[in-house]
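S.K.: Please find one structure pasted underneath; my questions will follow.
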Amino acid sequence: MTVERSPKATEIINHTRALLTSGGYKSFSYADLAERVQIRKASIHHHFPGKADLVLAVVSDYRQEARAGMAATSEHFSDDPLAELNGYVNFWATCIKENSSPFCICVMLAVELPTLPEEVAAEVTGHFADLSTWLAGVLQKGEKRGVFILREGAEMEAKSLMATVHGAMIAARAFNNPELFLPMIKPVLNSLVISV
């Protein structure tokens with residue numbers, strides 16, 4: 001469900017997303033945001049009464065975009081489960097290399113999960129549930145088609161792959177080297193593929 005927002009609310013959302021990507025929930029205040037957007041704090045409160053409301057809106061949008069991205073990837077590569085997984089991995093490789101969206105905001109927020117407002121935490125957890133369910137479906141499809149061998153079952157393999165992708169994101173950021181991302185993931189992907 002798409003939420004209609006004013007141009008100013010959209011601008012606030014976009015700046016908040018950038019702040020969350022770089023530092024997480026506690027890394028900014030409405031004063032920081034007001035300075036970036038060039039408006040008063042009261043104007044931000046008009047659009048989003050509290051920080052939890054604002055971050056919830058950002059994460060809900062992010063989750064909706066992620067679901068749409070997964071669906072589009074599956075549709076585009078419907079006959080090739082390996083290409084679906086590579087599509088997911090390559091999406092992040094490009095984002096990290098081009099610095100367009102170099103980090104998953106839900107990974108950043110997951111670190112803070114115990115201290116996040118309940119509604120924000122639920123949305124973050126929901127994102128991971130969506131992603132692992134999608135990955136498990138792709139892996140099951142690949143197993144049925146004789147492309148993948150799943151040693152731990154689709155759900156566990158999906159969570160393992162997801163953790164590898166997110167860990168590689170963290171490593172690329174920690175070492176300030178986007179080129180580390182793909183080489184860290186390839187061994188895990190290769191271990192899933194049945195050799196011909």
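The values are calculated or read from the model by the stated rules, or taken from the named source; none is laboratory data. Since the structure is predicted, the reported quantities are computational estimates derived from the model, not experimental observations. Reconstructed Cβ throughout: ideal geometry from the backbone, glycine too, with neighbour counts over all protein chains shown. Note: areas computed on protein heavy atoms with side chains; ligands, DNA, RNA excluded. Shrake-Rupley method; radii C 1.70, N 1.55, O 1.52, S 1.80 Å.
S.K.: Taking 0.36 nm per residue of separation and subtracting the Cα-Cα distance, what length does fully extending Ala129 through Ser22 add?
M.R.: So the chain would gain 36.2 nm between Ala129 and Ser22.
S.K.: How much accessible area per residue does the chain have, counting only protein heavy atoms and a probe of 1.4 Å, in square angstrom?
M.R.: Spelled out: the 1.4 Å probe surface of the chain, per residue, equals 52 Å².
S.K.: Which value, in debye to the nearest 20, gives the size of the charge dipole of segment 39-196 about its Cα centre, when Lys and Arg are +1 and Asp and Glu are -1 at the Cβ?
M.R.: 300
S.K.: With a cap of 14 neighbouring Cβ atoms within 10 Å, and only residues DSSP puts in a loop, list the GluC sites (Glu not before Pro) found in segment 110-183.
M.R.: Glu152
S.K.: Loop-only trypsin sites (Lys or Arg not before Pro) in segment 1-72, please: DSSP not H, G, I, E or B, and at most 16 other Cβ atoms within 10 Å.
M.R.: Passing sites in segment 1-72 are Arg5, Arg40.
S.K.: Classify segment 1-114: rounded, prolate or oblate, from the alpha-carbon gyration tensor (a ≥ b ≥ c, eigenvalue square roots; a/c under 1.5 rounded; otherwise prolate if a/b is larger than b/c)?
M.R.: It comes out prolate by the Cα gyration axes.
S.K.: Classify segment 90-196: rounded, prolate or oblate, from the alpha-carbon gyration tensor (a ≥ b ≥ c, eigenvalue square roots; a/c under 1.5 rounded; otherwise prolate if a/b is larger than b/c)?
M.R.: Oblate is the answer for segment 90-196, as a/c is 1.5 or above yet b/c matches or exceeds a/b.
S.K.: Only Cα pairs under 8 Å and at least 6 apart count here; give the relative contact order of the chain as a rounded whole percent.
M.R.: That works out to 20 percent.
S.K.: Using a Förster radius of 30 Å, what is the FRET efficiency between Ala122 and Ile194 based on their Cβ-Cβ separation? Nearest 0.05, please.
M.R.: 0.20
S.K.: Within segment 127-191, report the trypsin sites (Lys or Arg not before Pro) that DSSP leaves as loop and that have at most 15 other Cβ atoms within 10 Å.
M.R.: Listed in order of number, the matching sites are Arg145, Arg151.
S.K.: Between His46 and Ala83, how many nm apart are label points set 7 Å from Cα along the C-beta direction?
M.R.: 5.0
S.K.: Taking amide H atoms as placed 1.01 Å from N in the peptide plane, list the residues 5 or more away in sequence, or in a different chain, whose amide H sits under 5 Å from that of Phe148.
M.R.: Long-range HN contacts for Phe148: Glu143, Ile194.
S.K.: Classify the chain: rounded, prolate or oblate, from the alpha-carbon gyration tensor (a ≥ b ≥ c, eigenvalue square roots; a/c under 1.5 rounded; otherwise prolate if a/b is larger than b/c)?
M.R.: Taking the square roots of the gyration eigenvalues as a ≥ b ≥ c, the chain is prolate.
S.K.: Which lysines have a Cα less than 29 Å from the Cα of Lys186, not counting those fewer than 8 places away in the same chain?
M.R.: Those lysines meeting the cut-off are Lys97, Lys141, Lys144, Lys159.
S.K.: Pull up the cross-link candidates among the lysines for Lys51, meaning alpha carbon to alpha carbon under 27 Å and not fewer than 8 places away within one chain.
M.R.: Correct list for Lys51: Lys8, Lys26, Lys41.
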